[in-house]
Each structure stands twice: as C-alpha cells, then as structure tokens.
Amino acid sequence: MLVAATSVAVEDTTDGAALVFVTTGDVAAVRKRAATLADMHAHHGAGDPPAMGTMIATRSAAAASDVDGGARVTFTASDPQEVGKLQSRAADARPSPRRRHVRVCTL
C-alpha cells in the first residue's frame, strides 16, 4: 500500500544519515510506517525474515521521530568509523552531496 503524495529526502547527519518522509496526504500513515521501518531495522539480523528494515546494512541504530507533515528515521552508526559507509548506503546515487529528493515514495 502506498501513502499518496509522499516524498523522501536523504540527509547526512554527524553520526549517520536520516530519511525524512513528508506528505500532503495521510501524515499518520507515514509516521506509522516510519516507526515500523525503524523497528524493522532494529530487528534485522535477529532471525527475522529479510524486509525493508535491512535496506541499511551498515551496523547502526534507527529511531523514528515526527516532523511537520511526516516523519524522520535517523540511522546512527554503531562504529564512528562507519559513518561514511552508512551515509553512502543510505543515499546511493544521490545527485547532491547533502540531500536527495525523490518525488514518489512507497513508504
């Protein structure tokens, strides 16, 4: 199921990366899915079946928080030496060095 009218931006943070989901549609649905993504990330590698939570393979913690019109999922590298790797995995092929906007999001 798609949340219509949702976009995502990928941002580098000092200790990892963040996915920022914003919608003009169902904000509650976006926030619920962002929380699920963070939870799935926390449990990947714990015997759970592969899922969207494994999209960031670098060892890291994930936390969801609300932003105006959506949610932010912040990934914090477990090892400070892995920050660059985590940022790269979060935003492969992004056109700008700090932020990538995507018009359609299937969150």
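The values are calculated or read from the model by the stated rules, or taken from the named source; none is laboratory data. Because the structure is a prediction, the values reported are computed rather than measured. Neighbour counts are summed over all protein chains in view; Cβ atoms, including those assigned to glycine, are modelled from backbone coordinates with ideal geometry.
Observations on the model:
- Out of Val8, Val3, Val30, one residue alone is over 16 Å from Lys85 (Cβ atoms), β-branched (Val, Ile, Thr) and modelled with pLDDT of 90 or more. It is Val30.
- Residue pairs meeting the criteria (Cβ under 8 Å; at least 6 apart or on separate chains; first free of Cβ contacts under 8 Å to residues at least 24 places away in the same chain, in segment 1-13; second assigned to a loop (DSSP other than H, G, I, E, B) and of a type outside the set (Phe, Trp, Tyr)): Ala4/Gly25; Ala4/Asp26; Ala5/Thr24; Ala5/Gly25
- When restricted to residues that are surrounded by fewer than 16 Cβ atoms within 10 Å (Cβ to Cβ) and either on the phi > 0 side of the Ramachandran plot or in contact with a helix residue (DSSP H, G or I) (Cβ under 7 Å, 6 or more places away or on another chain) (or both), segment 2-14 contains 1.
- Unique residue being closer than 16 Å to Val8 by Cα, modelled with pLDDT under 95 and of a type in the set (D, E, K, R) when the list is Arg59, Arg98: Arg98
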